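Undergrad: Got a structure for you, questions after.
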Amino acid sequence: MLSRKNKLLLFKLLSLFSVVRGYNILVITLAQYLASIYILAPNIPLRKVVLDLNLFLIVTASALTIASGYIINNFYDAEKDLINKPTKSMLDRLVSQRFKLTTYFILNFLAVFAASYISFKAVLFFSAYIFGIWIYSHKLKRIPFMGNLVSSTLAIAPFFVVFVYYQNFQTVIFVHAIFLFLLILAREMIKDLENMAGDMAQNYKTIPIIYGPNVSKTIISLLIVLTLFPALLLIKTFDVGYMYLYFMACIALLILFLFLLWRANGKKHYVWLHNIIKFIIVAGVFSILLVDVDVALNRIL
């Protein structure tokens, strides 16, 4: 049996894991490696990619920066989250705000330190990334649509840095990026609908608060329709192996999403819609293995 002190320590570790959303960071780290192996550098031997020190440092710096970003976002949203996410918020509060800020600065320092082993350009990129996350959390997230746009851009930045590292400028990569960006932007818009109560209490000027839920739903619908175009291009025009099955499933799910969106009228419904998009994004990470099933099996086995 754990002592009271050990239980408290365990809960604090869980709290910190909740604050930095460790599960999201694990998925992003996996996505960066899978994208590197099967999309960005398919002709480089698996061992060389996995053991590439620069790639490891890029992924590490990305993970540290994202973790610090979640901390600063949690710091600024503490009061709002008490309304929108009361259960998670109570767990997050087991760790003091002072400890969160200390951890935030330590993680940022370690991220820049890791980047310094790659190149000066990497230091500049991650410094800008850290600043971008801070200015978003401090100011930009309160600006209608601008906050959503910046948040989505910051979300795909870890993939951008890997893409630049491998210098792979094929059109198919850009189409993948557009598909992911539009999905993330739609998810950010759904989160505004989901969090209306807390946003109103904290005087956040989001689109559903200023213009109403129907205007927000119209914009989300437009984004989903736009997402269908890169999905169709990836099925019809580009060679994505068996990953075309994933994009076909995405089209079906996104059409269902549109139907459910216009029937949604409460937080519970918006949470479901948010989870649909989150499922599509996470499933997309694992579907990267379908780009070349034979290569994937050979590399795994």
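The values are calculated or read from the model by the stated rules, or taken from the named source; none is laboratory data. On a predicted model such as this, the values are computed, not experimentally measured, just so you know. Cβ: placed from backbone, ideal geometry, glycine included. Neighbour counts: every protein chain shown.
Undergrad: Here's a check for you: in the range 177-210, which residue that is modelled with pLDDT of 90 or more and of a type in the set (Gly, Ala, Ser) is nearest to Val162 (Cα to Cα)?
TA: Ala177
Undergrad: Still on this structure, I have one more. Please find, among Phe75, Phe56, Phe109, Phe105, the residue that is modelled with pLDDT under 90 and not assigned by TED's automatic domain parsing to the domain that holds Ile288.
TA: Phe75
Undergrad: Quick check on the range 256-269: of everything there that is more than 17 Å from Leu222 (Cα to Cα) and assigned to a helix (DSSP H, G or I), which residue is modelled with the lowest pLDDT?
TA: So, considering only residues that are more than 17 Å from Leu222 (Cα to Cα) and assigned to a helix (DSSP H, G or I), the one modelled with the lowest pLDDT is Lys267.
Undergrad: Between Val161, Val123, Val150, Val112, which is of a type outside the set (S, T, N, Q), surrounded by 17 or more Cβ atoms within 10 Å (Cβ to Cβ) and within 25 Å of Ile44 (Cα to Cα)? Can you show your working first?
TA: Details: Val123 fails: within 25 Å of Ile44 (Cα to Cα); Val150 fails: within 25 Å of Ile44 (Cα to Cα); Val112 fails: within 25 Å of Ile44 (Cα to Cα).
On inspection, the qualifying residue turns out to be Val161.
Undergrad: Ok, one more. Out of the range 133-147, which residues are of a type outside the set (Lys, Arg), farther than 28 Å from Ile37 by Cα and surrounded by 15 or more Cβ atoms within 10 Å (Cβ to Cβ)? Full working, then the answer.
TA: Just the residues of the range 133-147 that are of a type outside the set (Lys, Arg), to begin with: 133-138, 140, 143-147.
Then drop every residue that is not farther than 28 Å from Ile37 by Cα, which leaves 134-138, 140, 143-147.
The answer is Trp134, Tyr136, Ser137, Leu140, Ile143, Pro144, Phe145, Gly147.
Undergrad: Still on this model: In the set Leu253, Leu232, Leu290, which member is at pLDDT below 90, of a type outside the set (Val, Ile, Thr), surrounded by fewer than 18 Cβ atoms within 10 Å (Cβ to Cβ) and in a helix (DSSP H, G or I)?
TA: It is Leu290.
Undergrad: Being within 20 Å of the chain's Cα centre (by Cα), touching a residue at least 40 places away in the same chain (Cβ under 8 Å) and over 16 Å from Ile276 (Cα atoms) is true for just one of Ile173, Ile190, Ile207, Ile156. Which residue is that?
TA: On the way: Ile190 fails: over 16 Å from Ile276 (Cα atoms); Ile207 fails: within 20 Å of the chain's Cα centre (by Cα); Ile156 fails: touching a residue at least 40 places away in the same chain (Cβ under 8 Å).
Going through Ile173, Ile190, Ile207, Ile156 in turn, just one is within 20 Å of the chain's Cα centre (by Cα), touching a residue at least 40 places away in the same chain (Cβ under 8 Å) and over 16 Å from Ile276 (Cα atoms): Ile173.
Undergrad: Taking the range 256-282 as the region of interest, how many residues are under 22 Å from the mean Cα position of the chain (by Cα) and among the polar types (S, T, N, Q)?
TA: Matching residues across the range 256-282 total 1.
Undergrad: Within the range 259-266, is even one residue in contact with a Leu (Cβ under 6 Å, 6 or more places away or on another chain) and of a type in the set (Lys, Arg)?
TA: no
Undergrad: Here's another thing I want to ask about it. Please specify each residue of the range 20-77 satisfying the condition of being buried (at least 22 other Cβ atoms within 10 Å of the Cβ) and assigned to a loop (DSSP other than H, G, I, E, B).
TA: Selection gives Val20 alone.
Undergrad: Out of the residues in the range 261-287 meeting the condition of being of a type in the set (Lys, Arg) and surrounded by fewer than 13 Cβ atoms within 10 Å (Cβ to Cβ), tell me which one is nearest to Tyr38 (Cα to Cα).
TA: The selected residue is Lys268.
Undergrad: Looking only at residues in the range 84-102 that are of a type in the set (S, T, N, Q), modelled with pLDDT under 85 and in a helix (DSSP H, G or I), which one is farthest from the chain's Cα centre (by Cα)?
TA: Gln97
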